[in-house]
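The values are calculated or read from the model by the stated rules, or taken from the named source; none is laboratory data. For clarity, every value in this text was computed on a predicted model and none was experimentally measured. Virtual Cβ from ideal backbone geometry, glycine too; neighbours counted across all protein chains shown. With ligands, DNA and RNA removed, areas are computed over all heavy atoms of the protein, side chains included. Shrake-Rupley method; radii C 1.70, N 1.55, O 1.52, S 1.80 Å.
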Amino acid sequence: MGKEIAAKDTRACILGLAGTELTPEEHRFFSDLQPLGFILFRRNIETPAQVKALVASLKSLVSHDALVLIDQEGGRVRRLRPPHWPDYPPASRFAEVTNDPSEEREMVRLGARLMAHDLAELGINVDCAPVLDVPQPGAHEIVGDRAYGMTPQAVAVMGRAACEGFLAGGVLPVIKHVPGHGRAGADSHTDLPRVDAKLDELLKVDFYPFQVNADMPIAMTAHVLYRAIDKRNPATTSRKCVKIVRDVIGFDGLLITDDLSMNALSGTLEKRAKAALRAGVDVILHCSGQITEMKSVAHVTPKLKGEGLRRAKAAITRLLKTPEPLDVIDARARFDVVMARGQDAGAKSDPTEVTPS
């Protein structure tokens with residue numbers, strides 16, 4: 001690290017790319033645009049050497065410290081997989097294999113620390129994890145086993161343990177999906193979820209894990225409409241919801257959207273980007289890697305300035321130049337022994353390319 005973000009050249013967006021190496025058109029586009037960062041998906045990943053080279057190429061295109069994101073939660077949502085990378089269980093697995101909350105917390109932190117090691121080896125410095133959503137009865141299974149528990153207290157404590165593990169390994173965590181996706185009755189990739197819970201219930205349950213982890217560097221918004229807060233707009237494009245995130249939850253870090261392409265949002269990509277920025281989100285996330293779409297988003301995305309610039313700089317300062325010491329072989333052996341208790345942890349496969357939500 002060392003190339004400081006400057007208002008004159010850093011664009012308030014994070015973008016995907018099409019394949020396993022940059023095309024000439026992508027090279028020109030990213031170099032001219034200077035996005036804050038990039039996000040990788042399965043379509044971008046083959047081998048460790050290829051990913052490491054791709055990440056280095058992306059970082060070389062911008063004049064600032066680029067954020068390079070990936071979704072590596074474990075379970076259904078993991079972009080790095082065997083045979084080249086270790087497998088990790090879904091968040092719910094930790095409670096199943098431990099009878100002691102202290103041991104559970106230790107294993108959650110250790111798992112995140114090991115994931116951070118995997119990512120840092122490739123030059124990836126941001127993980128879109130942990131999920132801090134609290135699942136509720138009758139809600140859509142999109143969160144499901146991605147949650148650390150069924151109570152706000154368990155999710156808050158284990159989520160914080162995961163954040164600590166990522167940070168100790170030189171990777172920034174992204175707490176998601178603020179202010180809470182656990183009540184959603186639909187998958188926001190395909191539909192707009194609407195939540196009818198009253199504000200006091202949201203405060204007591206949904207907001208709580210985010211309040212406990214409000215000091216984390218980055219958060220991702222939920223494409224969910226909370227009728228108690230804003231009857232018209234989902235959180236990503238709601239000024240009222242963003243105010244809740246800032247003033248009630250107390251999060252003052254870098255706030256990024258979930259993928260702008262998801263069907264929970266309506267209107268053109270340009271309208272979605274403008275609405276999110278007007279609402280107070282700091283950075284737009286667009287994941288498809290389709291160059292035409294990216295150009296549309298870039299056309300309406302400003303350069304980072306003011307509070308957004310301050311928050312981006314503050315997030316990057318949280319990246320440790322010297323990660324916490326780790327005996328990887330010993331740590332992975334301890335982790336695997338605990339996670340193998342009982343039935344096989346076997347993480348579920350992810351048959352389709354799922355965006356960060």
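Using a probe radius of 1.4 Å on heavy atoms only, what accessible surface per residue do you get for the stretch 287-329? Whole Å² is fine.
59 Å²
In a solvent-free Debye calculation with one equal scatterer on each Cα, what is log10 I(q)/I(0) for the stretch 27-169 at q = 0.09, 0.14, 0.19, 0.20 Å⁻¹, listed in the order of the q values?
-0.31, -0.69, -1.08, -1.15
Mind jotting down a quarter of the surface of the convex hull over the alpha carbons of the stretch 1-93, in square nanometres, one decimal?
Dividing the Cα hull surface by four gives the mean projection, 6.8 nm².
For the chain, modelled as a Gaussian network with Cα springs under 10 Å, which listed residue fluctuates most, A340, A112, A161?
Greatest mean-square fluctuation among the candidates belongs to A340.
Quickly work out the S63-to-A333 label distance, labels modelled 7 Å from Cα along the C-beta direction, and quote it in nm with one decimal.
5.0 nm
Sort Y208, Y226 from largest to smallest accessible area, using a 1.4 Å probe on the heavy atoms of the protein chains.
Reading off the accessible areas and sorting them downward yields Y208, Y226.
May I ask you to compute the full-extension gain from R246 to L192, defined as 0.36 nm times their residue separation minus their alpha-carbon distance, rounded to one decimal in nm?
Difference between extended and current length: 17.1 nm.
For the chain, which whole-number percentage of the solvent-accessible area (1.4 Å probe, protein heavy atoms only) is attributable to carbon and sulfur atoms?
52 percent
Would you mind working out the accessible area per residue for the stretch 48-92, using a 1.4 Å probe, and quoting it in Å²?
30 Å²
Residues in the stretch 189-216, backbone N under 18 Å from the label point at A228 (7 Å along the Cα-to-beta-carbon vector): list them, ranges by number please.
Counting only backbone N, you get 193-212.
Placing +1 at every Lys and Arg Cβ and -1 at every Asp and Glu Cβ, with all other atoms neutral, what dipole size does the stretch 1-74 have around its Cα centre, in debye to the nearest 20?
The calculation lands at about 80 debye.
Let me see the P(r) profile for the stretch 204-334: every Cα-Cα distance counted, bins of 10 Å, each bin given as a percent of all pairs.
All Cα pairs considered, the percentages come to 12, 37, 30, 15, 7, 0.
Highest mean first, what order results for 116-122, 24-30 on Cβ atoms within 10 Å?
116-122, 24-30
With both partners inside the chain, how many of the DSSP beta bridges are antiparallel, as a percent to the nearest 5?
Of all bridge pairs located within the chain, approximately 10 percent are antiparallel.
Defining a contact as two alpha carbons under 8 Å apart and six or more residues distant in sequence, what relative contact order in percent does the stretch 154-260 show?
30 percent
Dividing the alpha-carbon radius of gyration of the stretch 151-269 by 2.2 N^0.38 Å (N being the number of residues), what value is obtained?
Scaled against compact globular proteins, the figure is 1.02.
Rounded to the nearest Å, what's the spacing between the alpha carbon centres of the stretch 192-258 and the stretch 84-128? Just the number, please.
For the stretch 192-258 versus the stretch 84-128, the Cα centre distance is 25 Å.
Can you give the calculated 222 nm mean residue ellipticity of the chain, where each DSSP H run of n ≥ 4 adds -39,500 (n - 2.57) and the sum is split over every residue, rounded to the nearest 500 deg cm²/dmol?
Calculated at 222 nm, the ellipticity per residue is -10500 deg cm²/dmol.
If one computes P(r) from the Cα atoms of the chain, what percent of pairs lie at distances over 35 Å?
Result: 16 percent of Cα pairs exceed 35 Å.
Over the chain, with a Gaussian network built from C-alpha contacts below 10 Å, which listed residue (R43, R76, R239) shows the highest mean-square fluctuation?
R43
When the chain is modelled as a GNM with alpha-carbon springs shorter than 10 Å, which of D100, D282, D145 fluctuates the most?
Maximum among the listed residues: D100.
Just name one of A279, L326, G306: the one whose Cα is farthest towards the positive end of the charge dipole of the stretch 255-326 (beta-carbon charges, Lys/Arg +1, Asp/Glu -1).
So the residue we want is G306.
Using alpha-carbon pairs under 8 Å, 6+ residues apart, how would you state the relative contact order of the chain in percent?
20 percent
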